[in-house]
Amino acid sequence: FFFFSRHKNSPMGVFLGKPVMIETPLVTATKVCKDYEMRTYAPALAATTVCSGDMMQGSEGFRQLARYIGAFGTPANRKEAAAQTTEGEKIAMTAPVVTAQQGGGGAEKIAMTAPVTTSQEGLSYKMAFILPSKYKSIEELPKPTDERVSLERLPSRVLAVRRFGGYARKDDV
């Protein structure tokens with residue numbers, strides 16, 4: 001077993017010759033294999049949305065969450081303080097963006113019948129932006145103004161992680 005921990009600001013790329021730093025969650029790699037790592041992630045807060053369709057075409061969910069944090073200008077959120085609602089609060093982008101396919105994959109053994117047909121009806125995906133660690137509770141977070149965006153507390157979790165460069169393709173995930 002190989003252990004390492006990462007937290008806070010990690011370089012995400014380079015812009016004008018300077019590293020772009022972005023907050024990442026506290027994570028410990030507990031096992032490193034050739035094609036993947038087993039990682040334990042600390043609890044975190046997340047903004048989430050569920051969209052219909054294939055997660056590989058996830059731009060709809062990304063745009064909803066990006067508007068919540070103010071990536072496109074005015075944030076789609078409201079901060080409540082002392083019985084008054086203030087303007088939206090910009091929230092820093094963090095990594096990773098988490099996406100998971102929902103529906104269409106429940107495992108239940110059933111009898112074989114004919115004919116066999118194929119359909120992707122009912123598929124949806126859930127996308128989450130992990131929120132900055134400065135927020136310690138859901139109550140501290142600005143409230144989304146888009147009803148499709150929810151705030152969640154993610155528990156500590158163990159995930160298998162595969163690294164790859166560029167855009168996610170079905171072969172990568």
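Summary of values
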{"read-out": "Unmet requirement for MET112, which otherwise passes all of (1) in a loop (DSSP other than H, G, I, E, B); (2) modelled with pLDDT of 60 or more", "value": "(2)"}
{"read-out": "Answer residue from segment 20-37, given it is of a type in the set (A, V, I, L, M, F, W, C) and farther than 20 Å from PRO155 by Cβ and is surrounded by the most Cβ atoms within 10 Å (Cβ to Cβ) among those", "value": "ILE22"}
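The values are calculated or read from the model by the stated rules, or taken from the named source; none is laboratory data. Quick caveat, the model's predicted, so the values are computed rather than measured. Quick reminder, even Gly has a Cβ in these numbers, built from the backbone with ideal geometry, and neighbours come from all protein chains shown.
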